[in-house]
């Protein structure tokens, strides 16, 4: 088993599990955090395509298993976002933490809107639903701004502890 | 040059391969993956839930003896009231049974009450669901109604080894046949009004035009028993607004739901006895 995707998946899974618990406590207050962008941002920016995509597909499956969406929705959305970010990564200073935060925010916005368009078809009160989603999106983006710098550093450190050379890895194209 | 172009297209070829593989993957494999990934995460959810219970236990241990004596005294009063009500219920059940035999009516479905702790709340704008800490290990079937002290909670959607997923009555995917209290005409209830930072509401449709309801004069909405999932008479919520629908034949409006729904820590699953 390759350490690169395993460590990346394990750290992302940890964030996902924490997010599930945070949402449990937020439920009575009518708020919800979605951080799909943060779950997929690190792997396409810092790992090769194969290892990064495996980690992204696994986290997509983990999210799909818990949420009431057609199984594979997050998998396909996350994979598409991964590929787009991987394709664009050479044009930007991808090793800068601040760039990682910006990518996570943009990816989260795109995934949130994509998921909303998929799931809101046939909603009995789409006006109220969109108002709620807009507020949830706002909380989610704030959450990412706060958590992303720590999470990116955490993933980098975890990979370093697993003796993964991130400089070498970022040169790998496949 | 062509190899450089291929290198650039490689991520998209990989995505195409992933999507194609996912489409062609047999349903059995997808189901296996879904169950595996759910069960992989179930221990985390239940452990967190047990940790919360422990936290609650230690918080309650800080109460003084006087508090406990006072609480015990209050409980004795409540218990006496319930004991009297239980006797009345028994008498009414016997009466119903006698009338069913006399009129040769089919008897109402009977249920086993299975209390379960809530392991996880997941209330998004897209969906509203709970995960409870009982599943196939306690014989909970998919589709079983779930209730609490305030009325209807929802319906079991998925059953796993030792957890089950409940679609909440506030979820847009939940639609119930209902009655307005003391009226036998059926109306339709659907969840889906989940505003941010405020309690959830539901939508009522196909209300006969002779009904009037407002926030000052709300009407209780109860389960009708039609469809056979929920027993009749359970509270769904209170109709606080009714307006004529576009066709003019019926009215539709909003249902105010109990705010306790968003804070549930324990629910009861009604397991139909016929299915056992």
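The values are calculated or read from the model by the stated rules, or taken from the named source; none is laboratory data. Since the model is a prediction, treat every value here as computed from it, not as a measurement. Don't worry about glycine lacking a Cβ; one is built from the backbone with ideal geometry, like all the others, and counts go over all protein chains shown.
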Discussion item. Here is a check on your reading of the model: is residue B:206 touching a residue at least 40 places away in the same chain (Cβ under 8 Å) and more than 30 Å from residue B:47 (Cα to Cα)?
Written reply: yes
Worksheet item: Taking the range A:85-111, which residues are within 11 Å of chain B (Cβ to nearest Cβ), surrounded by fewer than 22 Cβ atoms within 10 Å (Cβ to Cβ) and in contact (Cβ under 8 Å) with a residue 40 or more places away in the chain?
Response: A:89
Fill in: Only listed residue being within 7 Å of another protein chain (Cβ to nearest Cβ) and either buried (at least 20 other Cβ atoms within 10 Å of the Cβ) or assigned to a helix (DSSP H, G or I) (or both), chosen from A:75, A:142
A:75
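Residues that are away from chain A (no Cβ under 11 Å), more than 32 Å from the chain's Cα centre (by Cα) and exposed (fewer than 10 other Cβ atoms within 10 Å of the Cβ): does the range B:52-61 have at least one?
Just the residues of the range B:52-61 that are away from chain A (no Cβ under 11 Å), to begin with: B:53-61.
After this cut, where a residue has to be more than 32 Å from the chain's Cα centre (by Cα) as well, the list is none.
No: zero hits.
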Practice prompt. Could you list all residues from the range B:142-166 that are crowded, with 21+ Cβ neighbours inside 10 Å, more than 9 Å from the chain's Cα centre (by Cα) and on the phi > 0 side of the Ramachandran plot?
Written response: B:151
Worksheet item: Has the range A:150-157 got any residue that is under 27 Å from residue B:193 (Cα atoms) and exposed (fewer than 15 other Cβ atoms within 10 Å of the Cβ)?
Response: no
Worksheet entry | Of all residues making up the range B:223-276, the number that are outside any loop (DSSP other than H, G, I, E, B), surrounded by 16 or more Cβ atoms within 10 Å (Cβ to Cβ) and modelled with pLDDT under 90 | 1
Practice prompt. For residues that are in contact with a strand residue (DSSP E or B) (Cβ under 9 Å, 6 or more places away or on another chain) and either part of a strand (DSSP E or B) or within 22 Å of residue A:133 (Cβ to Cβ) (or both), tally how many sit in the range B:118-165.
Written response: 27
Worksheet entry | Answer residue from the range A:121-135, given it is in a loop (DSSP other than H, G, I, E, B) and more than 7 Å from chain B (Cβ to nearest Cβ) and is modelled with the lowest pLDDT among those | A:122
Practice prompt. Could you check, for the range B:88-111, whether at least one of its residues is over 30 Å from residue A:114 (Cβ atoms), at pLDDT below 90 and part of a strand (DSSP E or B)?
Written response: yes
